[in-house]
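Below you'll find the structure, written out as structure tokens, and then a few comments.
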Amino acid sequence: MARTTTRTLLFPTTFPAPIVPAADSVPALRWGIIAPGGIAATFAAAVQAHTHQQLVAVASRSLDRAQDFANTWGIAKAYGDYAELLANPDIDAVYIAAQQHVHLDLALQAIAAGKHILVEKPFAMNGAEAREIVAAARAAGTLAMEAMWTRYLPQTSVISQLIADGVLGDIQLVTADHGQNMPDGHRVRSLESGGGALLDLGIYPIAFASQILGTPTAIHNVGSLIETGVDGQSLLTFSYASRAQAQLNTTLLARTPITASIAGTDALLQVGGAFFTPSSMTLSQPGFNGESIHWADESGIVAHRGLSYQATALAGYVAAGLTESPVHSLDETVAILDTIDSARWQLGYRFESEK
């Protein structure tokens, strides 16, 4: 959230050390994976390389596909039906890696089976579906968490500490972008899958702004739809009660720098691309030629191997008796989807249930 600073701080000479739980500091949960596609393989690689978590089962609508995935990653159980995996009493947590148009149904099934869930982003198709999942999880007392993996990276801990310490002063502007050139036929271009730039790519810049400034009081979107009916690109301006603003952009039509920044009265923080992966940061004094200091992630966990942090975090939350993430709450998850809903609707992109 934006912070009002009433004292003058010396410009720091170093960054604070990141605070992230060690992989061996939390109990190992027994995980099942639902929908063994590309992101599931990336998750499996990250978990096996950098955590103590156990992948014990995988389910697909195709038993052959599930078995191939199990063979690749050394997973003991393969199921050709999601319900069979959910009925296994030896599974503690489920990673739902399916496309977002089935997140609601799969999440509700997993919650009903008493499983903790990590749901790939976006958590649901819209705010209404997200509320349904949240209500079910809270009623059941199981942990539900969106796989917004950026929140669990070392650099995010550093950013949070800088803001809490007032190093940036009063935050005035947050910027972030995420654009990729997605080919014809890609699921992100699919109306039936609930695709579009905002839900699949723009959720990262929007979540970054949410982390820093909270929920906007006004949302303005200038963008366009593509021939399939989903949003192709958006230029977003958010306003906040603090009078700060966020300027965000997303597109599925071209590669963009994928960087982010936080501009405060006392310092500017710039996050290198891709800002939502393990990256680097530069903190600069407010003057045009002011001093700068630099930080780089030296964990050795690079690119999408950073998905490992969220698995460790979830296991720690379960061990602590929590039912949601303290750094990315369910209420914030819903609020971000509400924001995306508003931005989509301004372009005329609505799902059938929203018309």
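The values are calculated or read from the model by the stated rules, or taken from the named source; none is laboratory data. In this text the structure is predicted, and so the values were computed from the model without any measurement. Please note: Cβ atoms are built from the backbone with ideal geometry, for glycine as well, and neighbour counts cover all protein chains shown. Protein only, heavy atoms only, side chains kept; ligands, DNA and RNA dropped before computing areas. Shrake-Rupley method; radii C 1.70, N 1.55, O 1.52, S 1.80 Å.
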Qualifying position, being under 19 Å from the mean Cα position of the chain (by Cα), surrounded by fewer than 17 Cβ atoms within 10 Å (Cβ to Cβ), of a type outside the set (D, E, K, R) and modelled with pLDDT of 95 or more, among Pro21, Pro16, Pro89: Pro21
On the given criteria, is Gln109 open to solvent by less than 30 Å² (accessible area, probe 1.4 Å) and modelled with pLDDT of 95 or more? no
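Quick grid of which residues meet (1) buried (at least 19 other Cβ atoms within 10 Å of the Cβ); (2) free of Cβ contacts under 8 Å to residues at least 24 places away in the same chain; (3) not small (Gly, Ala, Ser):
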position: Ile34; (1), (2), (3): yes, no, yes
position: Ala45; (1), (2), (3): no, no, no
position: His50; (1), (2), (3): yes, no, yes
position: Ala97; (1), (2), (3): yes, no, no
position: Leu118; (1), (2), (3): yes, no, yes
position: Asn126; (1), (2), (3): yes, no, yes
I'm trying to understand the selection: among the residues of the stretch 138-153, which are part of a helix (DSSP H, G or I) and buried (at least 20 other Cβ atoms within 10 Å of the Cβ)? Trp149, Thr150, Arg151, Tyr152
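Here's the yes/no breakdown for (1) in contact (Cβ under 8 Å) with a residue 24 or more places away in the chain; (2) in a loop (DSSP other than H, G, I, E, B); (3) farther than 24 Å from Gly37 by Cα:
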| site | (1), (2), (3) |
| --- | --- |
| Asp177 | yes, no, yes |
| Phe208 | yes, no, yes |
| Pro216 | yes, yes, yes |
| Glu227 | no, yes, yes |
| Gly232 | yes, no, no |
| Pro257 | yes, yes, yes |
| Ala263 | yes, no, yes |
Cβ pairs under 9 Å, 6+ apart or interchain, first in the stretch 304-319 and farther than 13 Å from Pro154 by Cβ and open to solvent by 30 Å² or more (accessible area, probe 1.4 Å), second in a helix (DSSP H, G or I) and not basic (Lys, Arg), ordered by first then second residue, are His304/Ile39; His304/Thr42; His304/Phe43; His304/Ala45; His304/Ala46; His304/Trp149
As an exercise: evaluate Gly232 against (1) of a type outside the set (A, V, I, L, M); (2) open to solvent by 10 Å² or more (accessible area, probe 1.4 Å); (3) closer than 25 Å to Glu146 by Cβ and give the number of the one condition it does not meet. (2)
Among the residues of the stretch 239-255, which ones are surrounded by 21 or more Cβ atoms within 10 Å (Cβ to Cβ), of a type in the set (Gly, Ala, Ser) and outside any strand (DSSP E or B)? Ala244
Going through the stretch 281-301 in order, the residues found to be out of contact with any Pro (no Cβ under 8 Å at 6 or more places or on another chain), part of a strand (DSSP E or B) and in contact (Cβ under 8 Å) with a residue 60 or more places away in the chain are Met281, Trp295
Mind listing whichever residues of the stretch 262-271 are crowded, with 19+ Cβ neighbours inside 10 Å and either of a type outside the set (A, V, I, L, M, F, W, C) or under 24 Å from Arg187 (Cβ atoms) (or both)? Gly264
Does Glu324 meet the test of being closer than 20 Å to Ile96 by Cα and assigned to a loop (DSSP other than H, G, I, E, B)? yes
